[in-house]
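A short worksheet on the structure shown next.
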Amino acid sequence: MAKMTISLPDNLAEYVEKRVASGRYSSADAFLAELILKDQLHHKLDDEELRNILRQAEESGPSDRRIPDILSETKAKLRDNNL
């Protein structure tokens, strides 16, 4: 098992201590390990979702839309979502 030392701001260190004190985790190590595992799963799902989107795009065939139209539509969607 690898050993790692991390530094956290006081407010995050206090949060970790509270989570351990709640009894759900046996140690800060256990809490952080679970967070990392959840993050790995989240990114795996993101990768799978992206692969599905790309597969669907490939299967849909060539588009009759022009690139400037696609860009305009995308910018409008981003604007509408305040991104």
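Cβ-Cβ contacts under 8 Å between residues 6 or more apart (or on different chains), taken from a first residue in the range 30-59 that is of a type outside the set (Gly, Ala, Ser) to a second residue that is assigned to a helix (DSSP H, G or I) and open to solvent by 100 Å² or more (accessible area, probe 1.4 Å), are absent. If you scan the range 56-83, which residues turn out to be open to solvent by 100 Å² or more (accessible area, probe 1.4 Å) and either basic (Lys, Arg) or in a helix (DSSP H, G or I) (or both)? The answer is Gln56, Glu58, Glu59, Arg65, Arg66, Ile67, Lys75, Lys77, Arg79, Asp80. For the range 1-55, a tally of residues being at pLDDT below 95, in a helix (DSSP H, G or I), open to solvent by 100 Å² or more (accessible area, probe 1.4 Å) and polar (S, T, N, Q) returns 1.
The values are calculated or read from the model by the stated rules, or taken from the named source; none is laboratory data. This is a predicted model, so every value here is computed, not measured. Glycine also receives a Cβ, built like all others from the backbone with ideal geometry; neighbour counts cover every protein chain displayed. Surface areas here come from the heavy atoms of the whole protein model, side chains and all, with no ligands, DNA or RNA. Shrake-Rupley method; radii C 1.70, N 1.55, O 1.52, S 1.80 Å.
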